[in-house]
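A.B. asks: The structure under discussion is supplied below as structure tokens; questions concerning it will follow.
The values are calculated or read from the model by the stated rules, or taken from the named source; none is laboratory data. As the structure is a computational prediction, the values presented were derived from the model and not from experiment. Neighbour counts are summed over all protein chains in view; Cβ atoms, including those assigned to glycine, are modelled from backbone coordinates with ideal geometry.
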Amino acid sequence: MLTLTVTELLRARGVDNPAKYLVQHGMKYHQANRLLSGKLGSMTYPMLEQLCLICECTPDELFAWVKDEKTTVADNHPLYKLKPKAPVANPVERIKKLPVNKLEKLKKILDELEKE
């Protein structure tokens, strides 16, 4: 079954309230809530593009696929590439716990990543 992973993606990026974040970045309130609650029946290409722009990602990062009992799929099917991602801890919370001497190391790492 194909599922949206918007909540997990945004939480991994330090967003505590994904619905509020989506609305603040231009999504309609009812769309954001239906999307995050799993009650969105369908998605248009413009909505998918808007999600990608807001989340700064590609469509494949928004979805996960898990084989269910009703589906017969070959072991090498491309959908297996969309396997669920392991939960990522909120980096902001982890950074808050670092001692000051390690923050300088983190700054250097972030500077290097930004140069790439």
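A.B. asks: Filter the stretch 1-55 for residues that are closer than 26 Å to Thr71 by Cα and hydroxyl-bearing (Ser, Thr, Tyr); which is surrounded by the most Cβ atoms within 10 Å (Cβ to Cβ)?
C.D. replies: Only one residue tops the list, namely Thr5.
A.B. asks: Continuing with the same structure: Can you tell me which of Glu69, Glu112, Glu61 is over 20 Å from Leu10 (Cβ atoms), among the acidic types (Asp, Glu) and not in a loop (DSSP other than H, G, I, E, B)? Even if it seems obvious, please write down each step before you answer.
C.D. replies: Details: Glu69 fails: not in a loop (DSSP other than H, G, I, E, B); Glu61 fails: over 20 Å from Leu10 (Cβ atoms).
None of the others qualify; the one that does is Glu112.
A.B. asks: For Leu48, are the conditions met, namely being touching a Leu at 6+ places or on another chain (Cβ under 9 Å), without any contact (Cβ under 8 Å) to a residue 40 or more places away in the chain, not in a helix (DSSP H, G or I) and not polar (S, T, N, Q)?
C.D. replies: It is false that Leu48 is touching a Leu at 6+ places or on another chain (Cβ under 9 Å), without any contact (Cβ under 8 Å) to a residue 40 or more places away in the chain, not in a helix (DSSP H, G or I) and not polar (S, T, N, Q).
A.B. asks: Consider the stretch 80-109. How many of its residues are at pLDDT 85 or above and outside any loop (DSSP other than H, G, I, E, B)?
C.D. replies: Counting residues in the stretch 80-109 that are at pLDDT 85 or above and outside any loop (DSSP other than H, G, I, E, B) gives 10.
A.B. asks: Identify, please: which residue in the stretch 1-26 is free of Cβ contacts under 8 Å to residues at least 24 places away in the same chain and among the β-branched types (Val, Ile, Thr) and is, among those, nearest to Glu56 (Cα to Cα)?
C.D. replies: The qualifying residue nearest to Glu56 (Cα to Cα) is Val15.
A.B. asks: Of all the residues that make up the stretch 64-102, how many are of a type in the set (A, V, I, L, M) and surrounded by 11 or more Cβ atoms within 10 Å (Cβ to Cβ)?
C.D. replies: Going through the stretch 64-102 one residue at a time, the tally reaches 9.
A.B. asks: When you go through Leu53, Leu9, Leu22 one by one, which is the residue that is in contact with a Gly (Cβ under 9 Å, 6 or more places away or on another chain), under 28 Å from Leu110 (Cβ atoms) and either charged (D, E, K, R) or not in a loop (DSSP other than H, G, I, E, B) (or both)? Steps first, answer last, please.
C.D. replies: Working: Leu9 fails: in contact with a Gly (Cβ under 9 Å, 6 or more places away or on another chain); Leu22 fails: in contact with a Gly (Cβ under 9 Å, 6 or more places away or on another chain).
The conditions single out Leu53.
A.B. asks: Pull out all pairs, ordered by first then second residue, where Cβ-Cβ is under 7 Å, the residues are six or more apart or on different chains, the first lies in the stretch 91-105 and is within 11 Å of Gly14 (Cβ to Cβ) and touching a residue at least 24 places away in the same chain (Cβ under 8 Å), and the second is surrounded by 10 or more Cβ atoms within 10 Å (Cβ to Cβ) and of a type in the set (Gly, Ala, Ser).
C.D. replies: Going by the 7 Å Cβ cut-off, the qualifying pairs are Pro91/Gly14; Val92/Gly14.
A.B. asks: Here is a further query. Working only within the stretch 6-36, note down all residues that are on the phi < 0 side of the Ramachandran plot, at pLDDT below 90 and not hydrophobic (A, V, I, L, M, F, W, C).
C.D. replies: Selection gives Glu8, Arg11, Arg13, Asp16.
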